[in-house]
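Colleague: Mind looking over this structure? Questions follow.
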């Protein structure tokens, strides 16, 4: 047996004002997207903004449903909309933020496993890293330089080849 260790590396910022102006604008768009979330059940409002290689930005917010599995996370709403409206255009970055009605302060946010898998598919599909800019209301900001960092040992098309 051999034990293997994996580490996660990311940049940590104390404030949105510390970000590069382009990242700040993308994160501000994610914040505005969170305001459109439909989250009457969880009270967890998530917004995402996807920056495409052509400079376009596509926003998404979580959309809940009384039949819980029928809802969709903000990240997937934004990524799928980007893929539908701009087919073949690479994703450069995704900003994600969250607000929770019942907490005074939510310190961090990170995509769920389904969203990580979807983002990993786009990263693999276009052979290009996708930067993730993640924060929560009043929290620190984490910038991760590729989805692979969040999803080591990911499942992708290479696993299907014979």
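Colleague: Would any residue of segment 123-139 have its amide N under 14 Å from a label point 7 Å out along Cα→Cβ of residue 156? List them or say none.
Modeller: 123-131
Colleague: Let me ask you something else. At a Förster distance of 30 Å, what's the computed FRET efficiency of residue 42 paired with residue 128, Cβ-Cβ distance as r, to 0.05?
Modeller: Working: r = 32 Å, r/R0 = 1.07.
Using R0 = 30 Å, I get an efficiency of 0.40.
Colleague: Highest mean first, what order results for 63-74, 86-97 on Cβ atoms within 10 Å?
Modeller: Per-residue Cβ counts within 10 Å, averaged per peptide and sorted highest first, yield 86-97, 63-74.
Colleague: Another question, if that's okay. For the chain, find the longest principal axis of its Cα atoms and tell me its angle to the long axis of helix 113-126, 0 to 90°, nearest 10.
Modeller: The angle comes out near 50 degrees.
Colleague: Run lengths n ≥ 4 of DSSP H only: what is the helix-derived mean residue ellipticity at 222 nm for the chain, with -39500 (n - 2.57) per run over all residues, to the nearest 500?
Modeller: -8000 deg cm²/dmol
Colleague: Over the Cα atoms of the chain, what Rg and Dmax result, in angstrom?
Modeller: Here Rg and the maximum Cα pair distance are 15.8, 51 Å.
Colleague: How many percent of Cα pairs in segment 86-146 exceed 20 Å?
Modeller: That fraction is 32 percent.
Colleague: Evaluate E = 1/(1 + (r/R0)^6) for residue 25 and residue 108, where r is the Cβ-Cβ distance and R0 equals 35 Å; express this FRET efficiency to the nearest 0.05. Please list the in-between numbers first.
Modeller: Values: r = 21 Å, r/R0 = 0.60.
Efficiency, rounded to the nearest 0.05: 0.95.
Colleague: What nm distance separates the two modelled labels at residue 54 and residue 8, each placed 7 Å from Cα along Cα→Cβ?
Modeller: Computed distance between label sites residue 54 and residue 8 equals 3.3 nm.
A short reminder: the numbers here are calculations on the coordinates, not readings from a lab. This is a predicted model, so every value here is computed, not measured. As a convention, Cβ positions derive from the backbone with ideal geometry for all residues, glycine included, and neighbour counts pool all protein chains shown.
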